[in-house]
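Laboratory data are not the source of any read-out in this text; all were calculated from the coordinates shown. Note that the structure is a prediction, hence the values are computed from the model and not measured. We place every Cβ from the backbone using ideal geometry, glycine too, and count neighbours over all the protein chains shown.
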Amino acid sequence: MPKMRPSPYCRAGRAAGCLRSYGIFGLDDLEWSIPHKSPYLPNPMPEALFQVKRLSELAQAGQLKGKRVLIRADLNVPQDEAGNITEDTRIRASMPALQMCLDAGAAVMVTSHLGRPTEGKFKSEDSLAPVADRIATLLHRKVPLISNWVDGGFEVHPGEVVLLENCRLNVGEKKNDDALAKKIAALCDVYVNDAFGTAHRAEATTNGVAKFAPVACAGPLMAAELDALSRALANPRRPLIAIVAGSKVSSKLTILKALSEKVDELIVGGGIANTFMLAKGLPIGKSLAEPDLVNEAREIMDLMEKRGAHVPIPEDVVVANELSPLARANRVPADQVAEDDMILDIGPKTAARLSTMLAHAGTIVWNGPLGVFEIDQFGGGTKMLAAAIAHSPAFSIAGGGDTLAAIAKYGIENQVDYISTGGGAFLEFLEGKTLPAFAVLAERAKD
Ligand code: ATP
């Protein structure tokens, strides 16, 4: 279903409608003012980081014809004990790059890691053989699997594709060994990185080869991820709202700090919100929180306040005495949490206020569920914000293990503009780290 893009008034009305449909608060509770827009905010990310050569451009310019192209893909799929592929999304997602090269008349070599093999020690369970079979089925052509390929000695002609055995078997891959990277680079005329999920790792096939190959570019998956991240964080439409939620501040402290310098509103949820509530002097009973990080939370709020940005603190919460599917959930004002209460979700008034903000956002970045959404009575906040994101005209990007599970649970996959499957790479990007795979492609684009 395409994402709806209503007028600003309609947007607020839709948010109200969608909130009302959950039946947990009245329209009067909604705060309709357009959220504050900072007069000045620094440009969050250097745009140069996103300027890379793209495979599609080379293909269109006829620069792949007759060329040897090496694609670093992410074909790391789950398998059962017999080695059968149980889920092939990553393989299917990687096909456009292969097809683009074949259509452009290139001789195509593809490699990927699979699992965590020991370098130099081949075991049959580490083999990409089942992946070669699956690619052959998807492309309706033969896909030979080449072992011990680093020194060449195999043939691939224009219009053909070969799969190069698990790159993590090569000694020096993990350490990004220059000698290995040079040998691999010598196999190709054009190197393509299409494996965003490994973009945060500096390994021979994700970083080193890009330094030494005659041409280095981003494949379509990598380019899509770059475009989405650039739109969300390098060049965002304001207000830029981040939702950082989940269990612990400690695991997301770097993300919270990095985003607190960039966003207009930093929505916190889950155990993270509990720590921020504690920092505000609110009672949190026996909720999950990290009292030793209260000062860090306070600093983040102070710094944001100073530049006119905010961390909206929950005004009501959902509590229970136990964390169980049978627990009885109660909604209470944020200042009335009892000593033996556990806060397990944001309350409906808070969810309504945040949803209104999201309805007026220009850009939304979402990482982490707002409550224990796995249990339905504590999933209301996450569900409501998911609906608000789905209906907001903002450009929205989401990522993270439980975030993807929440998106699937509430069925909004088609209404989030970009869902990053990058896992660790997405999180490191939010932390403001430079991803080695991006950095080297950006460097090579200057050639
Ligand atoms: P990542 O981006 O690291 O994959 P995530 O999106 O998976 O992050 P986590 O930090 O792992 O998020 O936190 C998610 C977990 O936090 C969920 O299992 C959820 O039940 C739990 N959680 C959310 N709110 C609370 C709360 N108030 N108390 C306890 N646990 C909570």
Is it the case that some residue within the range 259-281 is surrounded by fewer than 18 Cβ atoms within 10 Å (Cβ to Cβ), within 21 Å of residue 366 (Cα to Cα) and in contact with a Pro (Cβ under 9 Å, 6 or more places away or on another chain)?
-> yes
Near pairs, Cβ below 7 angstrom, 6+ apart or cross-chain, from the range 385-409 (more than 18 Å from residue 346 (Cβ to Cβ)) to any residue that is hydroxyl-bearing (Ser, Thr, Tyr) | 394/363; 395/363; 397/418; 397/420; 399/420
If you go through 411, 422, the only one that is within 14 Å of the ligand (Cβ to nearest atom), part of a loop (DSSP other than H, G, I, E, B) and not aromatic (Phe, Trp, Tyr) is 422
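Being over 14 Å from the mean Cα position of the chain (by Cα), buried (at least 22 other Cβ atoms within 10 Å of the Cβ), farther than 30 Å from residue 55 by Cβ and of a type in the set (Gly, Ala, Ser) narrows it down to one residue among 359, 437, 406; which is it?
Values: 437 fails: farther than 30 Å from residue 55 by Cβ; 406 fails: over 14 Å from the mean Cα position of the chain (by Cα).
Of 359, 437, 406, the one residue that is over 14 Å from the mean Cα position of the chain (by Cα), buried (at least 22 other Cβ atoms within 10 Å of the Cβ), farther than 30 Å from residue 55 by Cβ and of a type in the set (Gly, Ala, Ser) is 359.
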Could you tell me whether the range 214-234 includes any residue that is more than 21 Å from residue 396 (Cβ to Cβ), touching a strand residue (DSSP E or B) at 6+ places or on another chain (Cβ under 9 Å), assigned to a helix (DSSP H, G or I) and among the β-branched types (Val, Ile, Thr)?
-> no
Evaluate the range 361-374: report whether one residue or more is in contact (Cβ under 8 Å) with a residue 12 or more places away in the chain, among the β-branched types (Val, Ile, Thr) and within 13 Å of the ligand (Cβ to nearest atom).
-> yes
